[in-house]
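J.: The structure is given below, and queries will be raised subsequently.
The values are calculated or read from the model by the stated rules, or taken from the named source; none is laboratory data. As the structure is a computational prediction, the values presented were derived from the model and not from experiment. Note that each Cβ is placed from the backbone with ideal geometry, even for glycine, and that neighbours are counted across all protein chains shown.
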Amino acid sequence: MLPWLAYGHISPFLELAKRLSHRNIATYLCSTPANLSSIKNKIPGKYSSSIHLLELHLPDFLPQLPPHNHTTNGLPPNLLSTLRKALDSSKMDFSRILKSLQPDLLIHDILIEWPLARRFRTISRQFLS
């Protein structure tokens with residue numbers, strides 16, 4: 001699962017992951033450490049074996065976007081396009097994650113239009129959160 005870098009997007013993805021776990025489907029929720037830290041305590045122990053959090057690291061070539069700003073939470077509005085640019089620049093990191101996991105399905109946010117799943121013969125679906 002790859003949500004947009006906002007709590008309002010990652011939260012519905014987490015709820016979907018919980019529902020999928022009731023059907024014995026393991027999920028991997030991929031986001032920046034800044035976003036994952038906001039939901040880590042919202043995963044009850046009963047989901048710990050089926051919901052896995054994976055860190056997506058944004059490139060550090062943009063000094064105006066330190067790691068604590070790798071989320072929309074508290075991000076100054078003038079840096080939103082910089083966050084988008086940084087996320088787009090992390091495609092290779094996410095590609096390595098896909099290659100490693102070889103998932104059956106990639107569920108991604110409507111705001112992320114990366115055709116990476118095709119490269120790994122993975123089905124890809126948008127989730128409107």
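Table: residues versus (1) modelled with pLDDT of 95 or more; (2) touching a His at 6+ places or on another chain (Cβ under 8 Å); (3) farther than 21 Å from K99 by Cα.
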{"site": "L14", "(1), (2), (3)": "yes, no, yes"}
{"site": "Y47", "(1), (2), (3)": "yes, no, yes"}
{"site": "S50", "(1), (2), (3)": "yes, no, no"}
{"site": "L62", "(1), (2), (3)": "no, no, yes"}
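Residues checked against (1) more than 27 Å from I123 (Cα to Cα); (2) part of a strand (DSSP E or B):
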residue: S38; (1), (2): yes, no
residue: K46; (1), (2): yes, no
residue: S49; (1), (2): no, no
residue: L53; (1), (2): no, yes
residue: G74; (1), (2): yes, no
residue: L79; (1), (2): yes, no
residue: T82; (1), (2): yes, no
residue: R96; (1), (2): no, no
residue: P103; (1), (2): no, no
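J.: So the check is Cβ under 8 Å with 6+ separation or different chains; which pairs have a first residue in the stretch 82-99 that's of a type in the set (G, A, S) and modelled with pLDDT of 90 or more and a second one that's assigned to a helix (DSSP H, G or I) and loosely packed, with under 15 Cβ neighbours inside 10 Å?
T.: S95/R119
J.: Is it the case that the stretch 53-65 has a residue that's surrounded by 13 or more Cβ atoms within 10 Å (Cβ to Cβ), over 17 Å from D109 (Cβ atoms) and hydrophobic (A, V, I, L, M, F, W, C)?
T.: yes
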